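**Q** This is the structure, below, for whatever I ask next.
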Amino acid sequence: GGALEVTVGPVEAAEPLVLEARGALRGVTIEVLTVALPDLVATRELAVVKARLAKVLGAEVPIEERHLSPTKNHWRTSSVGNAIAVLFHFEGHTEEVSMLGERKLSAERVAARVADKAEAFLAHGQPVGEHLQDQLPILLAVTCGGRYQTMAPTPHLSSQLELLPRFTGQPIRVTPTTMGDGARVEVDPIRSR
């Protein structure tokens, strides 16, 4: 129901982005967005995810909970549904694990699936997760370039590895890391060619 026009071009930036280590975990935010659903849905989802993460992280990592509801803020909406996001606030960046709710899937099952994804991300150890890994190359290409370490390349990243060089004229370098099944991705800025 709308249109979006975007102009993207090289942007001057001070330094390339470097995400080769997570840094210390400063805190976690669990956000539940509900649209035209009872508050109890968010309460149940927050409880499940918080309990699971508290077991993994211990008491020393603060966990903040947020329930966002457009209908409470008097925004107009024609949808019904929910989403959960877990934001890991590391020393130098924030990584998100999220999921949309599904019809006929209980709040507890949606929350358990997000908690599973969050625990898998934490266990892997790389700073960049599976959903951010394919979004960073274009941003790095049009800004200052950089490099990052991520989980095993997904098909989405593989598509970016083929597509982006057709526009920039330069390859994206991907090398396996010594840490499990991860990869190091390097992208040069467009202006450097």
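The values are calculated or read from the model by the stated rules, or taken from the named source; none is laboratory data. Just so you know, these numbers come straight off a predicted model, no measurement behind them. We place every Cβ from the backbone using ideal geometry, glycine too, and count neighbours over all the protein chains shown. Protein only, heavy atoms only, side chains kept; ligands, DNA and RNA dropped before computing areas. Shrake-Rupley method; radii C 1.70, N 1.55, O 1.52, S 1.80 Å.
**Q** Write down, largest first, the equivalent ellipsoid semi-axes of the chain in whole Å, where each equals the square root of 5 times an eigenvalue of the alpha-carbon gyration tensor.
**A** Values for the chain, descending: 33, 22, 15 Å.
**Q** Binned at 5 Å from 0, what are the whole-percent values of the Cα-Cα distance distribution for the stretch 129-186, short to long?
**A** Spelled out per bin, shortest first, that is 4, 20, 33, 27, 12, 3, 0.
**Q** For LEU163, what accessible area in Å² do you get when you roll a 1.4 Å probe over the heavy atoms of the protein chains, rounding to the nearest 10?
**A** About 80 Å², rounded to the nearest 10.
**Q** What angle, in degrees between 0 and 90 and rounded to the nearest 10, separates the Cα long axis of helix 155-168 from the longest principal axis of the Cα atoms of the chain?
**A** Approximately 40 degrees, to the nearest 10.
**Q** How large, in percent, is the carbon and sulfur part of the accessible surface of the chain at a probe radius of 1.4 Å?
**A** Percent of accessible area from carbon and sulfur atoms in the chain: 55.
**Q** Rolling a 1.4 Å sphere over the protein heavy atoms, what is the accessible area per residue of the chain, to the nearest Å²?
**A** 58
**Q** As an exercise, identify the GluC sites (Glu not before Pro) in the stretch 98-147 lying in DSSP coil whose Cβ has no more than 12 other Cβ atoms within 10 Å.
**A** Taking the stretch 98-147 and a limit of 12 other Cβ atoms within 10 Å, the loop GluC sites (Glu not before Pro) found are GLU102.
**Q** Determine, at each q value in 0.09, 0.15, 0.18, 0.20 (inverse angstroms), the log₁₀ of I(q)/I(0) that the Debye formula gives when each Cα of the stretch 88-193 is one equal point scatterer.
**A** Treating every Cα as an identical point scatterer, log10 I(q)/I(0) equals -0.28, -0.69, -0.90, -1.03.
**Q** Mind listing which trypsin sites (Lys or Arg not before Pro) in the stretch 17-107 are in a DSSP loop and have 16 or fewer other Cβ atoms within 10 Å?
**A** LYS72, ARG76, ARG103, LYS104
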